[in-house]
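Asker: Right, I'll just put the structure down here and ask away after.
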Amino acid sequence: MPLWRSTASLIRGWKRQLENTGDDNFPFPSRGGERMARSNVTQRLDLAVSAAAERHPQLARRSISLHTIRHTTAMHLLQSGVDITVIALWLGHESPATTHMYLEADLSMKERTLNRLQPVGARPGRYRPPDQLMRFLQNL
């Protein structure tokens with residue numbers, strides 16, 4: 001999994017503090033030193049969100065899951081200009097077509113793209129349908 005350098009450095013430091021820090025050991029072991037179960041990771045995330053909600057109460061009203069973090073990270077990568085095929089690889093998707101939903105989810109990116117496609121000399125802006133009532137009144 002790709003990590004920021006600062007995150008990788010923190011994990012390396014954490015692994016040095018653990019006992020038996022071989023390459024086959026987990027950076028976040030369960031009480032028994034085994035791999036954490038998915039439910040335990042979810043529980044830890046819930047605890048972190050609860051703690052964060054004390055400073056940011058709006059978080060208490062949001063449903064935050066591991067998938068939320070995954071989706072948010074993918075959207076930030078997309079908005080930063082990372083190619084969708086790279087994001088598909090990062091997410092572990094077999095095909096960029098699976099990742100295409102992220103393109104459909106971001107309306108602001110669509111609007112920026114459409115604004116770039118305006119004919120030369122055209123005023124940028126959204127399409128406004130003609131006022132049918134004014135047309136009718138002008139034809140009287």
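Asker: With the Cα gyration tensor of the range 26-88 in hand, give its eigenvalues times 5 under a square root as the equivalent ellipsoid semi-axes, listed largest first in whole angstrom.
Answerer: 25, 20, 8
Asker: What is the sum of charges, Lys and Arg at +1 and Asp and Glu at -1, for the other residues whose Cβ falls under 15 Å from the Cβ of Q43?
Answerer: Every neighbour counted, the sum reads +3.
Asker: Could you pull the accessible area for V82 with a 1.4 Å probe, rounded to 10 Å²?
Answerer: Rounded to the nearest 10, that gives 50 Å².
The values are calculated or read from the model by the stated rules, or taken from the named source; none is laboratory data. Keep in mind that what you see is a predicted model, and the values were worked out from it rather than measured. Cβ coordinates were reconstructed from backbone atoms using ideal geometry, including for glycine residues, and neighbour counts include every protein chain displayed. Side chains are part of the model used for accessible areas, which takes the heavy atoms of the whole protein and leaves out ligands, DNA and RNA. Shrake-Rupley method; radii C 1.70, N 1.55, O 1.52, S 1.80 Å.
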